[in-house]
Amino acid sequence: MATTPVQGAQVVARIAGLLRLVGRSAEGMPLAGLVRESGLTRPTVHRLLASLAAEGLLDHDPITGNWVLGPEILLMGSVASARFPMEDIARPSLRRLAQATGESAFFSIRRGAETVCLLREEGSFPVRSFVLHEGVRFPLGVASAGTAILAFLPKSEQEELLGHWSEHAGAFAANHTPQLVRENLARTRLAGYSVNPGLVLEGSWGMGAAVFDRSGKPAWALSLTGIEPRFKPERQEELGGLLMAEAHRITQQLGGGGDGGRRTR
């Protein structure tokens with residue numbers, strides 16, 4: 001009897017993990033990928049997927065063989081969106097950033113020790129970076145949005161993640177050493193915006209600025225991504241200024257207590 005809550009919590013955690021994996025992209029993920037990424041056995045994954053499909057939370061694409069999000073997820077998301085009207089608030093800023101810069105603009109949210117991309121607005125420049133899209137998750141401190149958010153979190157939270165960085169960053173740890181991350185965080189705090197010099201994917205650069213909640217903590221981030229020649233040092237201050245201005249605008253709309261990453265002089 002005493003172990004029932006623990007077992008139940010374990011099942012919930014496994015189900016939540018699988019849903020997040022499937023939700024990384026609209027194309028979903030094959031069974032083999034879910035087994036590999038989840039660390040669960042193949043029979044366990046297959047059993048959980050079948051149960052989720054029976055409830056309409058997942059579908060199995062007969063053409064690709066991938067598992068994809070089901071119609072019940074769409075319904076839940078539609079209801080939940082009324083509580084989180086972030087698209088209405090953030091979309092105008094994304095459009096202004098995309099129009100002003102020609103780059104692709106993104107809005108991400110912090111979820112625990114990760115950032116999740118929620119919204120995207122394509123720019124006019126014909127050559128784009130496809131590292132980031134809706135549903136993509138990165139560990140905090142990885143990519144421009146995660147760096148912008150982590151830089152303005154309390155020092156204790158930063159050190160907690162840096163203390164087990166390899167485990168936290170996973171496959172990204174090789175290009176994001178603790179020393180490099182610390183340097184990036186310091187530069188971000190000084191400038192007010194982050195710069196990702198192709199650390200996630202060579203040649204794909206990004207910049208980000210944090211958006212603050214009512215308590216003054218960074219909870220979201222705006223970012224721009226594109227190819228390296230579009231992010232030369234002489235243009236970074238211009239892009240950073242645009243990002244901080246829009247981040248500050250959203251922070252103010254949300255009643256946030258932070259400064260949107262704006263520098264004080």
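The values are calculated or read from the model by the stated rules, or taken from the named source; none is laboratory data. Since we're looking at a predicted model, the values are computed, not measured. Please note: Cβ atoms are built from the backbone with ideal geometry, for glycine as well, and neighbour counts cover all protein chains shown. The accessibility values were calculated without ligands, DNA or RNA, using every heavy atom of the protein model including side chains. Shrake-Rupley method; radii C 1.70, N 1.55, O 1.52, S 1.80 Å.
Observations, loosely collected:
- Test: residue in the range 19-26 that is part of a loop (DSSP other than H, G, I, E, B) and modelled with pLDDT of 90 or more: no
- Check on Thr101, open to solvent by less than 40 Å² (accessible area, probe 1.4 Å), touching a Ser or Thr at 6+ places or on another chain (Cβ under 8 Å) and among the β-branched types (Val, Ile, Thr): no
- Those strands (runs of 3 or more DSSP E) lying entirely in the range 43-151 with at least 1 residues over 18 Å from the mean Cα position of the chain (by Cα): 58-60, 67-69
- Of the listed requirements (1) closer than 21 Å to His133 by Cα; (2) open to solvent by 40 Å² or more (accessible area, probe 1.4 Å); (3) at pLDDT 90 or above, Val68 misses just one: (2).
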